[in-house]
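Working notes for the structure below.
The values are calculated or read from the model by the stated rules, or taken from the named source; none is laboratory data. Being a predicted model, the structure only gives us computed values, none of them experimental. Positions of Cβ are generated from backbone atoms using ideal geometry, with glycine treated the same way; all protein chains shown enter the neighbour counts. Ligands, DNA and RNA are excluded from the accessible area calculation, which covers all protein heavy atoms including side chains. Shrake-Rupley method; radii C 1.70, N 1.55, O 1.52, S 1.80 Å.
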Amino acid sequence: YLAKEGRTGVELYQPDKDRNSPERLNLLGDLRRAVDNGELALHYQPKVCLTSGTVHGVEALLRWRHPVHGPIAPAEFIPLAEQSYLMRQLTAYVIDAALQQAARWWHTGLRVRVSVNVSARDLLGSALPEQLELGLAKYDLPPAAIQLEVTERILMGDQAYLHETIKALAALGVPLALDDFGTGYSSLIRLQRLAVSEVKIDASFVRRMAESEDDARIVRSIVDLVRSLGLRSVAEGVESDEIALRLAEMGCDLGQGWLFGRPMPPADATAWLQERHAGSDIEYAYHPEVTH
Ligand code: C2E
Ligand code: MG
Ligand code: MG
Ligand code: MG
């Protein structure tokens, strides 16, 4: 049973790799209708303190159950959506659903921050900050209830348009995390100039730590750098006790991965959080400052 389900837990539909193949274009059309048809859902994966075990927050991860093909991985459909205006609609859905779930948790005493992944396209213009401001008001939430995850690749770009959007997000008080850190080529020192509060070390380094001393050294140097900038470090893809222990010894703050919890549908995530009395020690007063 387990072997059949495989590592991701489901057999995933893999459309043709060719960008303009009929399969992919069909899929894009299907995705367009998926929001209205209720085929999308968010699952939530915990972020846990590596020394105390305290739950610090959860990351919202988008799931699509296609009526014919079944579950399709974000790695398949997010890049498709990113090539069109559809990404904005998906992000609008994700933000509303994540805030609605955050409100259910916060207003029942489970104060866990909900992280939402956003794409390059979402950072274009003022739509995203406006949407967040409206959403926070609609669900009566403080900005600390939510966080945005932006990949290193996007944030390290030189595009001027990022500047205004990031300033607007900082003014709103919504914290920012740098996702998949370590895969890029970018100058690390630019981190200082970005209104980032959290750096997530890419799973590829974390997973290879056990076998490769080079990878372990890379992770250690990222953890040191992140700490020296006064930011929080999160290791992605933590699958074993051994790695968790090693990361804790290095001074890495938080871990995320199958060892602690897989992405879970809302009801399971709620039960998981309640069992761990989550949400007692979130820091409220985060006010990022933009220094560039
Ligand atoms: P990400 O933001 O870096 O999310 C982490 C991915 O690693 C998730 O894959 C998660 O299920 C997986 N993961 C977590 N722990 C482990 C582990 O211990 N082992 C292994 N092997 N995998 C683990 P997922 O859900 O398939 O998402 C893939 C990517 O798709 C995300 O990477 C993110 O970049 C993107 N994505 C997902 N949801 C959204 C969304 O709502 N909006 C946008 N723009 N992108 C999204
Ligand atoms: Mg992420
Ligand atoms: Mg990531
Ligand atoms: Mg990743």
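With a Förster radius of 30 Å applied to the C-beta separation of residue 108 and residue 172, the computed FRET efficiency comes to 0.75. In this label model, residue 82 and residue 36 are separated by 2.7 nm, measuring between points 7 Å along each Cα→Cβ vector.
Spin-label pair residue 21-residue 193: with each label point 7 Å from Cα along the Cα-Cβ axis, the two points sit 4.1 nm from one another. Reducing region 46-86 and region 117-132 to their Cα centroids gives an inter-centroid distance of 17 Å. Using R0 = 41 Å, the C-beta based FRET efficiency linking residue 92 and residue 275 works out to 0.80.
Per-residue SASA remark: residue 167, around 90 Å² accessible (1.4 Å probe; ligands, DNA and RNA not included).
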